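Everything on this sheet refers to the single structure shown next.
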Amino acid sequence: MPYNEIGDRMIVNGNEILIKAKMGKYAIPHFNINNLEWTRFILEECQEAKSPVILGVSEGAIKYMGGYKVVADLVKDLVKSLNITIPVVLHLDHGSSVEVAHNAIEAGFTSVMIDASKYDLATNIAMTKEVVKMAHEKNVSVEAEVGHIGGNEDGTSSSVAYAEVEDCTKFVSETNIDSFAPALGSVHGIYKGEPKLDFERMQKIANLTNLPLVLHGGSGIPDDMIKKAIQCGICKLNINTDLQIVWSNAVREFLKVDDAYDPRKIIKSGEASMKKTIRDKIDLLGSGNKI
Ligand code: 13P
């Protein structure tokens, strides 16, 4: 059970749980948070299932919620007041610059992703090294990406990318990152057709880098593919869209039969379906009872 030096429960860095997941051949769920309620639903269900959890926060969500410190305080306060005892990681998702990573670290995030994958490899390496230096001084773990993972969210980019194996080994040996997200054929958002994951490449990169691998765009991938990915080295699955879909569908159904206007009632109407999906993901990833 994670406690800090004064006996308070605390959030931990990614290494605490990802190294165990890698050894045990299961994966940790990364759920993106968007507001207080989502954070509470996720924490409560993961506590119930005794699953470690990574709360991913994008730059957009940080802005939406009122800033880095608001997010960090919210998560820490909820962990305390809900009596959460599972390991919880507060993670910056797709940090786009060294400055953004710095802000998250200063606010108390325990894990950051620096995503400089849109730049050339040398620039990606240089930016990542800078973040690693800064983060490791504060015991914050670092995830980084090679080969840009596209997205279908806005309908503009549906290009599927695959990281070059040589780029991955060079990147990992030069940066000293803690977990690694190479492009392996997944995309963010809703898939158009079957995802085309390259398992051979996944296994090769896992063997050569010996790091916990991260699969972005974890929504909408068939269960058997997720299971195979875990066998090939995936230790962290990023999930956002699946929760958004089940929550919004439930809210839409609720408002068809109820003319509620209290925002608490409306937001809460998606709680049960969200929690069910969270539990299904935990069962699929094998992260339950792993504390
Ligand atoms: P999805 O929205 O496709 O689940 O992707 C989430 C993600 O990868 C966040 O980094």
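The values are calculated or read from the model by the stated rules, or taken from the named source; none is laboratory data. As the structure is a prediction and not an experimental result, all values here were calculated from the model. As a convention, Cβ positions derive from the backbone with ideal geometry for all residues, glycine included, and neighbour counts pool all protein chains shown. Calculation scope for accessible area: heavy atoms of the full protein, side chains included, ligands and nucleic acids excluded. Shrake-Rupley method; radii C 1.70, N 1.55, O 1.52, S 1.80 Å.
As a size descriptor, the averaged projected area of the C-alpha convex hull of the range 171-291 was calculated at 9.7 nm². If R0 is taken as 45 Å, the Cβ-Cβ distance between Ser159 and Lys50 corresponds to a FRET efficiency of 0.70.
Multiply the residue gap between Asp280 and Leu208 by 0.36 nm, knock off their C-alpha separation, and tell me the result in nm, one decimal place.
Values: separation 72, 0.36 × 72 = 25.92 nm, distance 3.12 nm.
Working it through step by step, the gained length comes to 22.8 nm.
Distance cut-off 25 Å, Cα to Cα: go down the list Lys69/Lys265; Lys20/Lys69; Lys50/Lys196; Lys80/Lys227; Lys118/Lys192 and report the pairs above it.
Working: Lys69/Lys265 27 Å; Lys20/Lys69 29 Å; Lys50/Lys196 32 Å; Lys80/Lys227 33 Å; Lys118/Lys192 23 Å.
Correct reply: Lys69/Lys265; Lys20/Lys69; Lys50/Lys196; Lys80/Lys227.
Relative contact order of the chain, taken over Cα pairs closer than 8 Å and 6 or more residues apart, is 21 percent.
3J(HN,Hα) along the range 279-288, derived from phi through the Karplus expression 6.51 cos²θ - 1.76 cosθ + 1.60 where θ = phi - 60°, amounts to 5, 4, 5, 4, 4, 5, 7, x, 8, x Hz, with x in place of Gly and Pro.
Quick one: longest stretch of the chain between exposed loop GluC sites (Glu not before Pro), exposed meaning at most 16 other C-beta atoms within 10 Å and loop per DSSP? Answer - 6-152.
Straight-line reach from Lys76: taking Cα to Cα under 17 Å and skipping same-chain neighbours fewer than 8 places apart, the aspartates and glutamates in range are Glu5, Asp8, Glu37, Glu44, Glu45, Glu106. Remark: the range 150-232 carries 46 Å² of accessible area per residue (probe radius 1.4 Å; ligands, DNA and RNA excluded).
A Förster radius of 30 Å, combined with the Cβ-Cβ distance separating Ser97 from Glu166, puts the computed FRET efficiency at roughly 0.70. In order along the range 44-61, the phi-based Karplus estimate (6.51 cos²θ - 1.76 cosθ + 1.60, θ = phi - 60°) of 3J(HN,Hα) comes to 5, 6, 5, 4, 4, 8, 6, 10, x, 9, 10, 8, x, 10, 7, 4, x, 5 Hz; Gly and Pro are listed as x. Every pair of different Cα atoms in the range 1-108 enters the Kirkwood calculation, which places the hydrodynamic radius at 14.1 Å. Surface composition of the chain: carbon and sulfur atoms hold 52% of the protein heavy-atom accessible area at a 1.4 Å probe.
Compactness ratio for the chain: Cα radius of gyration over 2.2 N^0.38 Å (N = residue count) comes to 0.95. Counting only alpha carbon atoms, the long axis of helix 14-24 and the longest principal axis of the chain meet at about 80°.
Is the range 53-193 best put as rounded, prolate or oblate by its Cα gyration tensor, with a ≥ b ≥ c the root eigenvalues, rounded for a/c under 1.5, and otherwise prolate when a/b is larger than b/c, oblate when not? It is oblate, given that a/c is not under 1.5 and a/b is not larger than b/c. Give me the distance between the Cα centres of the range 93-149 and the range 161-176, rounded to whole Å. About 15 Å separates the Cα centre of the range 93-149 from the one of the range 161-176. What the Cα atoms of the range 220-291 give is an Rg and a Dmax of 15.3, 48 Å.
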